[in-house]
Structures are given as C-alpha cells and as structure tokens.
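Every read-out reported here was derived from the displayed coordinates using simple, explicitly stated rules and does not represent laboratory data. Everything numeric here is computed off the predicted structure, so don't read it as measured data. Cβ coordinates were reconstructed from backbone atoms using ideal geometry, including for glycine residues, and neighbour counts include every protein chain displayed.
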2 protein chains.
Amino acid sequence: MLAASAAGLGALGLGGLGTQAHAQSSAAAGAKPLPAVAAWKDPKAMIVHSSNTLETRRAAFGTSVVTPTNRLFVRNNLPAPDASILEHRDAWTVAFEGVKGPRSLTLADLKTLGVETVATVLQCSGNGRGFFPSKPSGTPWQVGAAGCVLWSGVPLRTVIHVLGGAEEGMAYLTGTGGEKLPEGVDPLTVMVERSVPIKALDDALLAWEMNGEPLPLAHGGPLRLIVPGYQGVNNVKYVKRVALTREQSRAGIMANRYRMVPPGGKGNPGLPSVWEMVVKSWINGPLSEEGALRAGWTQIHGVAFAGTREVRGVEVSIDGGMSWHQAQLVGPNLGRFAWRQFVLPVQLSAGTHVLVSRATDAAGNAQPRERVENNSGYNNNSWLDHAVTVTVA
Amino acid sequence: MLAASAAGLGALGLGGLGTQAHAQSSAAAGAKPLPAVAAWKDPKAMIVHSSNTLETRRAAFGTSVVTPTNRLFVRNNLPAPDASILEHRDAWTVAFEGVKGPRSLTLADLKTLGVETVATVLQCSGNGRGFFPSKPSGTPWQVGAAGCVLWSGVPLRTVIHVLGGAEEGMAYLTGTGGEKLPEGVDPLTVMVERSVPIKALDDALLAWEMNGEPLPLAHGGPLRLIVPGYQGVNNVKYVKRVALTREQSRAGIMANRYRMVPPGGKGNPGLPSVWEMVVKSWINGPLSEEGALRAGWTQIHGVAFAGTREVRGVEVSIDGGMSWHQAQLVGPNLGRFAWRQFVLPVQLSAGTHVLVSRATDAAGNAQPRERVENNSGYNNNSWLDHAVTVTVA
C-alpha cells in the first residue's frame, strides 16, 4: 500500500490506470448445472466438474479471508445421504470407541459439552492436480478445491475426556462417515473411513456449524469431524463413529487410496497418506480472464497457508520467479490453521507478465519450484504450477 | 468446558440431559415476506419489520464469530438505489473533497490503491430500542440489528494520502450516500450524509466486498464507507462523496436525528451524536423459544463488543444478576472492532432462570445495569434489558 501511495497523484494523473480484475465473472457458456445437494451455491462462482465435485473459480475467492459457504468447493467420495438426516439434527448419533467408557452420544448431548470455533483451510488433497502434465485420474482441480472456513462445535478432546480418556495403546483417530453404501460391493472398497495420527486429537472438532449456519448436507451436516491442518478427506462428513484405534482403517480410502504413490506404482499402507497439508500459496488477482488489465498500479493478492503451521511470509514475483518481493500479510489472522491473505502493490507495464507467489511457514519450509510427482496428483504446492499469466494493454 | 468435562460420565449417565436450543427455528406464522432487495436472505433467520428493516433472530446468530450475509440485518434510511448501479461496479464514481487534490475516482481506480480487510461489528444505533418501556418511535429492534462482518476494500487514509492529504483545519470525515432523493422535499431533510470526527480516518475503509462477496445492494454496494467501531448509520452506503470538512453535515440525519435527546426534548446539533459504539453483550443461547430445555449441563453463549476497544472480559449470571461468573472468550479474535464470542458451561436445574451477561472493555468500562433513557431509544447497552429467561423442564 505504501508503494502505491508513494506513486501519489502522479500515478492517478496518468488516467489510464485501473483494472477490471474484480468484475464479476459470468458462468461459462454451456456449464453444467449445480447438483441438487448444492443448488444454493453461487453458480457464477463455481465450476461444476460433476455432481460430487464443484470447484471455486479462482476469480471468486475475493479478499475477505473467509470463503463464503455459497462459494466453497464440494468434493464427496460418495453421494450425500438423504436430506432427511437434517430434519432432526440434534438426534444424530455418534458412536465413540477406543475410550474407557465407550458409548453413543447424540448431537444434543455433544452440544452440552462445549463450544469452540476454529478457522481452518479445507482443501482437497487433489487441489492442483489439474497442473500435472501426466493428467492423473481424478478431478483436474486447479486452485479452487480449497477454502477457509469457520467451524463451530465441541473440541473432540473434551468428549474423549468425558468418556474417560483413550484406552491404552491407541495410535490413531479414526472417523467413519454415515453415507449409504452401495449394495453388492465389499463395504471396505467404498466406505469413507479415515485415520489420522492421534496427536490430531489436540485440535480436532466435532462441528455442527459452518460459517455461522447449521452445517449444510453438502458439507457434512449434521456433524463433521474437523481435523485442522489436514487435507480435506480426513475431515469426515456425516460422522457416525469416532474411534481411537491401534491400527489405521483397512478401508480402501485409507489403505490404498489417498497415498503418495510414485509414478507407475500402486497404493499400499506403507506409503505416506495425505495427512497434514504442505505450505502453499497462490495468486487470486489480478487475472486476465476477468477483464482487460490496464498499465499502472495494481494490487497482487492471494492466499497462503501451511497446514498446522503459521505462515511466516509470502514472496511474490512478477517475472516468473526470477526476482522476488516480500508481500504484506493483511487482514485478520484467524489462527495457524487458517489461510492468510497477502497483498503486493506493483506497477505493471504493457505486455505479458508471469505472476507467482511462494510462501514460507513458521518452520522455514518454503514452497518448492516443482511439484512432487505422484500417481494421483496429490499435494501439489509447486509455485511454478500456480503461476498466473496476465496481459496488460 | 473444563467444568462440563469435570462432570464427566456422571453427568452423561443422567441420560435426560441435552438441549434442543440449537434446533432450526421456523418462520413465524404470518410473517411478512422478505423485500425484493433482500429476497436472498434466509427467511428462517430474519424478522421482517418493514421493507427497509430486517432483524436477525436471536437464535440465528450461531457461534461462528462472523455473521453470514444471508442472516445479517438490513436497515436503510431511504429505499436502495436501482439495482442497475451494480451492473458496472468498477465505474462507480466517488468525489473526494477537503483534500489538497480534490477529484473523483472510480471504483476501478480505488482498487489499484490498496487492499485491506477489517472485521467490524455493524450495529444500528437503535438496536435494543425494543426494550425501552417508553416505546420510542422507530423499529423495535431487540438484539438482531447487529452482526459481525468482514469488509474488504482500500483504507481511506491511503486514498487521502494519494490525493495530497487533508486541507488545513478539517475536523470531520463526511460521507454522502448515493440514494435517489424523493422529489418535492428539501434534500437536507432526507439525504443520508453523516459526519464523524476526523480521527476515524485512521481506521476507515472504502469497502467493495463483504464476507467474501461483492457488496450486495442491500448492504451498500457497490461501495460503502466503513467506520470501524461506529454505529451503523455512520457507515454510509452507495457512498458517492467523501469529504473532509470543517463542520458537521447540516443534513437532518446528522443535525437533528441520531442524537442522544433527553426524554421529551428535541434533536439539535449540540447533543451527542451516535458515533462510537458502547460496550455491550448479550446471550444468544440457550433460548427457551428454540425448544424444550432439559435439566443438566448447557453452554451459555453470546457475543460482546466495545466499539473501538477490545473486550477485556464477559461475566455471566444465571440468577438475574445477583451473582456473576467469568465466561471464557472463545474462537478467533478478529481484532478490536469485531465481536468476541463468550461461553460459560453451567448446570441448570428444573425451573426458571434469568440469564444475563455483562461485558467490560479494555478501558475498564462495564455495561451498566440500566439503559440511558433517550427519546429515540439509541445506544441501549443495559445488561438487564438484554436478559434471557429460560424455563427448564
């Protein structure tokens, strides 16, 4: 901002400056319609890949830190349960296992135990898959399978404490989704059941509210297990069972899928699972697709996050990574699981510019130039892949 | 939470515990329909007083710190301009006066100068008017003419700096709304033009985005002057002129209305205007209207704010103010202009309980027991008026 201010009246006097980068985008012609479970999303903000996969347009992120629910991506591994499960939210029941006093609790019970609110980045581990030249199978997400969300619910550690604490020797926190499983197939091949290291219990939340509203069905209502800092798949929707376990789930979604499989290999429990998110950032504006850019000052802005770690800083380049400038972190800091907005004021001359950002986390980890190649296109945090090319008239 | 946890399995073993306090409320029978300008609001969350005055239901605030836009109150002094003003948002023009280089800037120009995001409590100065036994004229708001909102735009001080800074001797920041004025009346009697002390320039924002979306018409889009910590009326919608001025505006809305007029008196420029908000809090749950409450543990929760000051703490009483307990502030701290959530776990026995909260700000100001009587029902921060009576079965 200071740099832009320093330009003062001189810059404004040029008259030709300004950008329509924030103009509202209109839905692409021929776009697929929103599925019924998410018919209330803003169609102009979304890319509909399928009935289970909706992406937020890069130009639709805005600069307000929190992603509004009607612009948040959707990725369901199975079709959502029938909407009737929301008719009596407080009657929803969760089985707790692996604790000294195992039992089922209703959502009404859970609400009596505590209330906390946490902001987290929710991101599909395949976000950025669309940048892999190898075209891995799966949705070709670019940046929009992510958002920053406020969750409200009860800390899971409080519930575990009330139930007498963990049984001895438990190493994982395992959540099971309440989706209806298709008949005639081995449940293990399709069920949504994920395990994360038990240390995640320190931050995990059983959430019944999202961005100030009762959790919608498309996002896991009436109750979702939130594992702050972990990739989206670990945040189990319609959670019906929470177990502290000695072993990881044997469900395919845990044992073989969502693993970092080297190119050409096959998924197996010995490979790293997509757990904690890695340090990542991208630029959301200016974007050429949003209208003609005019020469002069502009505010490069985007988001940066680092899983369970604070973002230490973000550098921005306007020459494709040859030289870097420190961006400013702006807006409220919602905590280490949320993303930060960054802004860098720059003067862009007529021509083509390649804008990139590179975040560093509190532990000193910086985004790499190159993605980590893997079979399924997970964990892409390459700064080069996330570059934006803009043309200035 | 610790208190609830300490109850442990014993409390849960009682079986009868739980509350439906968070159940979704349904629209009251015979409720007025939402006006066209806000037809996209959640009808279950709103009380429609008139086409220009919509209130958030007390039970609809949730516990996620930020108020979702589709649940935020609306209060317009004049009908909103035609929606066509949003067709070319970036072409919206604002005249800047009282600076060394006065000129008009478009929204596109403003976007080149800076981006910042601020969370503020937006509250109508008449919020709580409905608790005045004197029944002042005006909307009888209870608690729902308020919300906590994320605004994104350019700091006004940056714009003023770019325009050469303030002219000598300016004492007020004056904003003028772009509403269409009815014909045949003196414009001064109806126009929306408000002045605040020039010190507000340090924090003021020209905002084009709200909660992550382009600012809707009902809330002042395409551009609104945000004066963090000041009552809602000072946050001028559709702002078309920003002037640093020696004197306060002579418009009726500034000179005579929105003044703290003693009972029976008349408004005049010598009386205090509704500028900075005063320290205030209220409880949003549990509420008896949301369903039967059962004896046992419950989480009393609500919001607290203090204008331009941080909230230092909140006390809660379950006996109508005879004894007090320190509540816990939970959730992200969005900065001193936002509200904080507070939570107190308590055990409620069968019977009737009067729940009240009392906030204290960083300067040591605490909410008073009694409201300050005034003709128009402004600035009500009486903790007694905001009490909630609950019946436990």
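Overview of results
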{"item": "Point-to-point label distance, A:Ser84-B:Asp202, nm (Cα→Cβ direction, 7 Å offset)", "result": "6.0 nm"}
{"item": "Rounded to 10°, Cα long-axis angle of helix B:2-13 versus longest principal axis of chain B", "result": "40 degrees"}
{"item": "Rough spin-label spacing in nm, given labels placed 7 Å along Cα→Cβ, for B:Leu181 and A:Ala350", "result": "4.4 nm"}
{"item": "Pairwise centroid distance, computed over Cα atoms, of region A:358-375 with region B:118-188, Å", "result": "45 Å"}
{"item": "Ascending count of other beta-carbon atoms within 10 Å, so fewest first, for B:Met170, B:Met322", "result": "B:Met322, B:Met170"}
{"item": "Vicinal HN-Hα couplings computed from phi for region A:37-46 (Karplus, 6.51 cos²θ - 1.76 cosθ + 1.60; Hz; Gly/Pro x)", "result": "5, 10, 4, 8, 6, 6, x, 5, 8, 10"}
{"item": "Diffusion coefficient, µm² s⁻¹, Stokes-Einstein with Kirkwood Rh over alpha-carbon pairs of the protein assembly as shown at 20 °C and 1.002 mPa s", "result": "78 µm²/s"}
{"item": "Shielding of A:117-124 by partner chains, average beta-carbon count, 10 Å", "result": "3"}
{"item": "Rg(Cα)/(2.2 N^0.38 Å) for region B:71-255, N = residue count", "result": "1.00"}
{"item": "Subset of B:Lys135/B:Lys180; B:Lys41/B:Lys237; A:Lys44/A:Lys180; A:Lys237/B:Lys41 violating a 24 Å alpha-carbon distance limit", "result": "B:Lys135/B:Lys180; A:Lys44/A:Lys180; A:Lys237/B:Lys41"}
{"item": "Region B:67-126: translational diffusion in µm²/s, Stokes-Einstein, Kirkwood Rh over Cα pairs, 10 °C, 1.306 mPa s", "result": "107 µm²/s"}
{"item": "Share of pairwise Cα separations in chain B, more than 36 Å, in percent", "result": "25 percent"}
{"item": "Computed [θ] at 222 nm, deg cm²/dmol, chain A (DSSP H ≥ 4; -39,500 (n - 2.57); rounded to nearest 500)", "result": "-2000 deg cm²/dmol"}
{"item": "Fewest-first sequence of B:Met46, B:Met277 by Cβ atoms within 10 Å of each Cβ", "result": "B:Met46, B:Met277"}
{"item": "For region B:71-255, size of Cβ-based charge dipole, Lys and Arg +1, Asp and Glu -1, in debye", "result": "400 debye"}
{"item": "Residue exposure sequence - A:His301, B:His386, A:His161 - by fewest surrounding Cβ within 10 Å", "result": "A:His161, B:His386, A:His301"}
{"item": "Partner chain coverage, peptide B:96-103 - average Cβ within 10 angstrom", "result": "1"}
{"item": "10 Å Cβ neighbours from other chains, averaged over peptide B:59-72", "result": "6"}
{"item": "Spin-label pair B:Thr189/B:Glu373, simplified geometry with 7 Å Cα→Cβ offset, distance in nm", "result": "3.1 nm"}
